[in-house]
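To start, the structure under review is shown below, and the notes come after it.
Just so you know, all these numbers are worked out from the coordinates, no wet-lab data involved. Bear in mind the structure is a predicted one, so any value in this text is a computation, not a measurement. Glycine also receives a Cβ, built like all others from the backbone with ideal geometry; neighbour counts cover every protein chain displayed.
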Amino acid sequence: MKNQYIICVLIILILLIVGFPAYFFLSKGDVGNINSYKKNIAVTIFPIYDITKNIAGDKLNVNLILPVGTSAHTFDPKPSDIALLEHSVVVIKVGTGLDDWVEKIVPRKVTRVDLTSSVNLLKSTEVEYDPHYWLSVDNALLIANKVKNELVKIDPENSEYYENNLLKYKEELLDLQKYIESELIDQKGKGIITFHDAFIYFAIENELEILTTIEPFAGKEPTPKYLSEVEDIIRVKKVKVLFKEPQLSSGLLNGLANDLGITILTIDPLGGGKETNSYIKMMKFNTNEIKKGLEL
Ligand SMILES: [Zn+2]
């Protein structure tokens, strides 16, 4: 009897020692982890994912769907991505056609939250609205607000917690806005050439001009005729820098930059990389690179 008692105690101890770290490991809320202790939320792209995490704090488990480093324009989800969504109560979408691929993998029971009706949208020539609205800090403030409202709906018990997180995060976004304004104050009216047409909201908010883009359709190589028009703009406007993006292959930029003797820098509309692993860091990174490029 005594031996059995000792064995029981030992088994319980082992379970506690092994189980507790496993519990904490699982509840970290890392990208792609389903958490069985908290409600799960899925978000299509990194900037919105990061904003959502700032509001959700440690009360909800937030998962990112579009892998970091992948373009939202060319992504094709695999059936295995469904697992991530099956346990989610809500999926937060950019909308405006940018992340319609998510519909292929979201089960019907999951509530869709489309952010388009909560932000200020710009008309676009290619699609009805330009989907890159998160690159305006004014819109990030509206997104944070909308996300807070949705989280309160999912988890009303913690509504005060989400309200407080929103207030704190809004302060950070307003600081970010001041930072961008002061860094770009001497660049107003200047023109940049971006890789695809992601930065119109950013340009308008900071009184910059987008002269043209290298790829008029993200992920599709431009025609030689189109590229020669870009070269003309570079010459006429005396452009000294071209901006590539981590999500899109930019091999053709090297030839262009070599021929014309111009510099290539990187700006990142989606973030999640080493220097862009939060919405705020991503926006600061882009601000600094654009400033660097315009001061060449
Ligand atoms: Zn884009």
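Values for this structure:
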| item | result |
| --- | --- |
| Modelled FRET efficiency - R0 45 Å, H87 with E209, Cβ distances, 0.05 increments | 0.50 |
| Highest-MSF residue in the chain out of V102, V152, V127 [GNM, Cα springs under 10 Å] | V127 |
| Gaussian network model of the chain, Cα within-10 Å springs - most flexible of I204, I55, I214 | I204 |
| Helix 224-236 vs. the chain, principal-axis angle (Cα, 0 to 90°, nearest 10) | 70 |
| Least to most buried among R235, R112 (fewest other Cβ within 10 Å first) | R235, R112 |
| Relative contact order computed over the chain (Cα-Cα under 8 Å; 6+ residues apart), in percent | 16 |
| Gaussian network model of the chain, springs between alpha carbon atoms under 10 Å - residue of S249, S136, S228 with greatest fluctuation | S228 |
| Rounded, prolate or oblate (a/c below 1.5 giving rounded, otherwise prolate when a/b exceeds b/c) for the stretch 146-228 by Cα gyration tensor | oblate |
| The chain: C-alpha gyration tensor shape, a/c 1.5 cut-off, then a/b vs b/c | prolate |
| Efficiency of FRET from Cβ geometry, D114 and K220, R₀ 25 Å, rounded to 0.05 | 0.45 |
| Total charge dipole magnitude, the stretch 28-180, about the Cα centre, Cβ charges on Lys, Arg, Asp, Glu only, Debye to nearest 20 | 340 |
| Relative exposure of S182, S159, S71, judged by other C-beta atoms within 10 Å (fewest first) | S182, S159, S71 |
| Over the stretch 205-296, relative contact order from alpha-carbon pairs under 8 Å, at least 6 apart, % | 21 |
| Cross-link reach list, aspartates and glutamates versus K153, counting only Cα pairs under 20 Å and skipping chain neighbours closer than eight places | D50, D58, E86, D114, E163 |
| S80, S278 arranged by Cβ crowding within 10 Å, fewest neighbours leading | S80, S278 |
| Nearest 10 degrees, 0 to 90: helix 251-260 Cα axis against the chain principal axis | 30 |
